[in-house]
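Written out below as structure tokens is the structure these notes cover.
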Amino acid sequence: MLDQMGALEVKTPVLSTFPDLVPFPQFVTTHPLTGTQLCLRFSPEEHLMRLIACGVPAVYELSTNFRCGTVDQSHLIEFESLQALFSGTPLAKV
């Protein structure tokens, strides 16, 4: 449905060389071969917003997200979500 409306499906990185802007402690690791410092993402919409700012009219992603906190019956550390962002540009009608 989103494809038919002109939205572009993207896959953004789970590990990034720069931390997300969320006000939470970041999970940071180092690549064993290159020594590059990598941060686990908290908010995939930051990457989607960059695409919108570059002129892409609509983007979406089925993404794996990670939560910083405790696990209980209603909150998992890892979960899937659909993130979609649309600019003010008119899209195709379905």
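The values are calculated or read from the model by the stated rules, or taken from the named source; none is laboratory data. Everything quoted here is computed from the prediction, not taken from an experiment. In this analysis, Cβ positions are derived from the backbone assuming ideal geometry, glycine residues included, and neighbour counts consider all displayed protein chains.
For segment 59-87, enumerate the residues that are exposed (fewer than 13 other Cβ atoms within 10 Å of the Cβ) and among the polar types (S, T, N, Q). Those that are exposed (fewer than 13 other Cβ atoms within 10 Å of the Cβ) and among the polar types (S, T, N, Q): Thr64, Thr70, Gln73, Ser74, Ser81. Within segment 2-36, being over 18 Å from the mean Cα position of the chain (by Cα) and either exposed (fewer than 10 other Cβ atoms within 10 Å of the Cβ) or closer than 25 Å to Arg67 by Cβ (or both) holds for Thr29, Thr30, His31, Pro32, Leu33, Thr34, Gly35, Thr36. Among the residues of segment 1-40, those identified as in contact (Cβ under 8 Å) with a residue 24 or more places away in the chain and β-branched (Val, Ile, Thr) are Val10, Thr12, Val14.
For segment 37-53, the tally of residues that are within 16 Å of Lys11 (Cβ to Cβ) and either out of contact with any Leu (no Cβ under 7 Å at 6 or more places or on another chain) or loosely packed, with under 13 Cβ neighbours inside 10 Å (or both) stands at 6. Taking segment 14-94 and the strands (runs of 3 or more DSSP E) fully enclosed by it, the elements with 3 or more residues that are at pLDDT 85 or above and either farther than 28 Å from Leu2 by Cα or among the hydroxyl-bearing types (Ser, Thr, Tyr) (or both) are at 28-30, 37-40.
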